[in-house]
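Participant: What follows is a single structure, and I will ask about it in a moment.
The values are calculated or read from the model by the stated rules, or taken from the named source; none is laboratory data. Small disclaimer: the values here were computed from a predicted structure and weren't measured. As a convention, Cβ positions derive from the backbone with ideal geometry for all residues, glycine included, and neighbour counts pool all protein chains shown. Just so you know, the surface numbers come from the protein's heavy atoms only, side chains and all, with ligands and any DNA or RNA stripped out. Shrake-Rupley method; radii C 1.70, N 1.55, O 1.52, S 1.80 Å.
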Amino acid sequence: MSRQPKIYARPLLAALASVAVLAGTGAAAPADSTPAPVAATTASVALDDTYYANALGKSGTALKAALHTIISSQTKVSYSQVWEALKDTDEDPADPDDVILLYTGESQSEDDNGGNVGQWNREHVWAKSHGDFGTATGPGTDLHHLRPADVQVNSIRGNKDFDNGGSQVSGAPGNYTDSDSFEPRDADKGDVARMILYMAVRYEGDDAWADLEPNEKVNNGSAPNIGKLSVLKEWSQEDPPSAFEKNRNEVIYTQYQHNRNPFIDHPEWVESIW
């Protein structure tokens, strides 16, 4: 897939541009970022009237099922195409030649990617061993949970579940880890939670892939589960969607997969389902 024109210049400009781009298709920018229900904006009403129309008025398992149907309609990318896509989805708004790294928040040249120390690589936030989907096209290449991350920090996170506590990660202040869990820095906690919960709704075991579900365990190993759900819910509440996260959702929707992470548009749906 060829690189598309980048649309993130500044958070406010990006939001306005997103509304303008989608106005002709009946869609619009994401809803308000607060974690509790709020009054609908013009942009969120447009999305609700179109993209999320079949999910409105539902809760619990019915809402999860409706969202699964909606977001399962997507264009898939290959694992090699993920390299180029991340240069767009995670572009530094202050420098279009850089990407912002998950966990550290550092800005690094988009072309300094690979597997060597000091480079960035592709982090599977839902660890690919949890459900044994690897890097095959599907959950292994879904941009909604793939982020650029420092090679060493990515290796330290490995396939650990998410939970609070541990010792601070060397070279990544604010991140903590122990033998079976990883805690991201505060600015990334909500992002991580919403990526995990997106995966749990998107992959329900009805398309040759495992049924991915969050649970209350750590050290889930190869089971198609990641914990801890209660902690992820807290993180989503404490760290609502940022302008960067909303823009990322928009780029994936308009330029690559043509599906959305509903928990960025409607953070209150986390509590409604879980």
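Participant: Assign unit charges at the C-beta atoms only (+1 for Lys and Arg, -1 for Asp and Glu), then state the dipole size of region 41-190 relative to its Cα centre in Debye, rounded to the nearest 20.
Facilitator: 760 debye
Participant: Could you give the accessible area per residue of region 176-271, probe 1.4 Å, as a whole number in Å²?
Facilitator: 32 Å²
Participant: So which of LYS87/LYS233; LYS58/LYS128; LYS64/LYS217; LYS76/LYS228; LYS64/LYS87; LYS58/LYS87 end up more than 25 Å apart by C-alpha? Mind showing how you got there, number by number?
Facilitator: Working: LYS87/LYS233 29 Å; LYS58/LYS128 31 Å; LYS64/LYS217 21 Å; LYS76/LYS228 28 Å; LYS64/LYS87 31 Å; LYS58/LYS87 36 Å.
Distance filter (> 25 Å) returns LYS87/LYS233; LYS58/LYS128; LYS76/LYS228; LYS64/LYS87; LYS58/LYS87.
Participant: Okay, next question. How high is the FRET efficiency between ASP178 and GLN119 when r is their beta carbon distance and R₀ equals 30 Å, given to the nearest 0.05?
Facilitator: Here the calculated transfer efficiency is 0.70.
Participant: Still on this structure, I have one more. Would you kindly compute the Cα radius of gyration of region 62-170 and its largest Cα-Cα separation (Dmax), both in Å?
Facilitator: My reading of the Cα-based Rg and Dmax gives 15.0, 45 Å.
Participant: I would also like to ask the following. Quote the charge dipole size of region 114-248 about the Cα centre in Debye, to the nearest 20; the model charges only the Cβ of Lys and Arg (+1) and of Asp and Glu (-1).
Facilitator: 360 debye
Participant: Hey, another quick one. I'd like to check one number: the per residue accessible area of region 94-156, probe 1.4 Å, reported in Å² as a whole number. Walk me through the intermediate numbers first.
Facilitator: Numbers: 2140 Å² over 63 residues.
Accessible area per residue, region 94-156: 34 Å².
Participant: To continue, here is another question. Give me the percent of the accessible area of region 131-172 that comes from carbon and sulfur atoms, probe 1.4 Å, all protein chains in place.
Facilitator: 38 percent
Participant: How high is the FRET efficiency between THR69 and ASP49 when r is their beta carbon distance and R₀ equals 25 Å, given to the nearest 0.05?
Facilitator: Numbers: r = 17 Å, r/R0 = 0.69.
After rounding to 0.05, the efficiency reads 0.90.
Participant: What does the convex hull of the alpha-carbon atoms of region 212-274 project to on average, in nm²?
Facilitator: Dividing the Cα hull surface by four gives the mean projection, 5.0 nm².
Participant: Can you give me the convex hull volume of the Cα atoms of region 115-213, divided per residue and expressed in Å³? Please report the intermediate quantities before stating the final value.
Facilitator: Details: hull volume 9.4 nm³, N = 99.
Residue-normalised Cα hull volume stands at 95 Å³.
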